[in-house]
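*Asks:* Take this structure first; my questions come after.
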Amino acid sequence: MRWLVHGEREIYSSEWVSLGLADVEIPGGERFEHHVVHARGPAAGTVVVRDGAVLLLYRHRFITDSWGWEIPAGGVESGEEFEDAARRECIEETGWAPGPLTPLTSYYYANGLVDGQFHLFIADGAEHVGDPVDVAEAERIEWVPIPEVRRLVEAGEIPDGLSLTALLWSFTFDHL
């Protein structure tokens, strides 16, 4: 059943995110206000595979005060193609340029509250092109053997939803 949107007013806005209050009506007539978070734009990430290992970053996320492994990923700049953003982010965060990118999937990561969208790719191989540009992105950057990636997923050591989706998609459809 489709909800009817009568309008939306902005509560807060920054260069990264905005918060709105939508005036919605659900089938059956109940009408109420619902919070909506608008992301700055889409993000893209890449599962980079080389010699039976996956390129991962180990980092801290202050919002959840948690440490974990993640794939290289980040925001898509205005006018940038998703694939180009995935490649750029990988180079900036890791210093590795991924080989040819193949799309995995695109999805809305919390579509009951946020309009943000992720675009995921997989790359077979990578070339080291230098040091990471974003030195504050990760504590460590490592090529993690695929069996160890499976163990990290099972142990909850990859808490990031984008990374989990990309890796589990890759495992499910035999990309890894």
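*Asks:* Which members of the range 22-65 meet the condition of being loosely packed, with under 14 Cβ neighbours inside 10 Å and hydrophobic (A, V, I, L, M, F, W, C)?
*Replies:* So the first thing to find is which residues in the range 22-65 are loosely packed, with under 14 Cβ neighbours inside 10 Å, and the list is 25-33, 35, 51-52, 60-65.
Residues satisfying the conditions are Ile26, Phe32, Phe62, Ile63.
*Asks:* For Gly41, only one of the following conditions fails: (1) at pLDDT 95 or above; (2) within 30 Å of Glu139 (Cβ to Cβ). What is its number?
*Replies:* Status for Gly41: all satisfied but (1).
*Asks:* Need the failing condition index for Ile91 against (1) surrounded by 15 or more Cβ atoms within 10 Å (Cβ to Cβ); (2) aliphatic (A, V, I, L, M); (3) under 27 Å from Glu154 (Cβ atoms), just the number.
*Replies:* (3)
*Asks:* Now for a separate question. What about Ala73, is it surrounded by 15 or more Cβ atoms within 10 Å (Cβ to Cβ), within 18 Å of Val135 (Cβ to Cβ), touching a strand residue (DSSP E or B) at 6+ places or on another chain (Cβ under 8 Å) and modelled with pLDDT of 95 or more? Lay out the reasoning, then the answer.
*Replies:* On the way: surrounded by 15 or more Cβ atoms within 10 Å (Cβ to Cβ): yes; within 18 Å of Val135 (Cβ to Cβ): yes; touching a strand residue (DSSP E or B) at 6+ places or on another chain (Cβ under 8 Å): yes; modelled with pLDDT of 95 or more: yes.
The answer is yes for Ala73.
*Asks:* Further question on the same structure: Give the range 118-140 a look and list any residue that's surrounded by fewer than 19 Cβ atoms within 10 Å (Cβ to Cβ), touching a Phe, Trp or Tyr at 6+ places or on another chain (Cβ under 9 Å) and in contact (Cβ under 8 Å) with a residue 60 or more places away in the chain, or say none.
*Replies:* Answer for the range 118-140, where residues must be surrounded by fewer than 19 Cβ atoms within 10 Å (Cβ to Cβ), touching a Phe, Trp or Tyr at 6+ places or on another chain (Cβ under 9 Å) and in contact (Cβ under 8 Å) with a residue 60 or more places away in the chain: Glu139, Arg140.
*Asks:* Restricted to the range 159-172, and to residues that are touching a residue at least 12 places away in the same chain (Cβ under 8 Å) and among the hydrophobic types (A, V, I, L, M, F, W, C), which residue is nearest to Phe121 (Cα to Cα)? Walk me through it before giving the result.
*Replies:* If we filter the range 159-172 for residues that are touching a residue at least 12 places away in the same chain (Cβ under 8 Å), which is where we start, we get 159-163, 165-171.
Of the ones still in play, those that are also among the hydrophobic types (A, V, I, L, M, F, W, C) are 162, 166-169, 171.
Details: Leu162: 11, Ala166: 8, Leu167: 10, Leu168: 13, Trp169: 10, Phe171: 13 Å.
It comes out as Ala166.
*Asks:* Let me ask something else. Applying the selection to the range 117-175, what residues are acidic (Asp, Glu) and more than 19 Å from Thr102 (Cβ to Cβ)?
*Replies:* Going through the range 117-175, the residues acidic (Asp, Glu) turn out to be 124, 127, 131, 134, 137, 139, 142, 148, 154, 157, 160, 174.
Of everything in the range 117-175, those that are acidic (Asp, Glu) and more than 19 Å from Thr102 (Cβ to Cβ) turn out to be Asp131, Asp134, Glu137, Glu139, Glu142, Glu148, Glu154, Glu157, Asp160.
*Asks:* With the condition being under 27 Å from Pro145 (Cα atoms) and under 14 Å from the mean Cα position of the chain (by Cα), I'd like the strands (runs of 3 or more DSSP E) fully within the range 45-119 carrying at least 1 qualifying residues.
*Replies:* Numbers: elements: 53-61, 66-70, 73-75, 96-98, 101-108.
Ranges flagged: 53-61, 66-70, 73-75, 101-108.
The values are calculated or read from the model by the stated rules, or taken from the named source; none is laboratory data. Computed from a predicted structure; not experimentally measured. Glycine also receives a Cβ, built like all others from the backbone with ideal geometry; neighbour counts cover every protein chain displayed.
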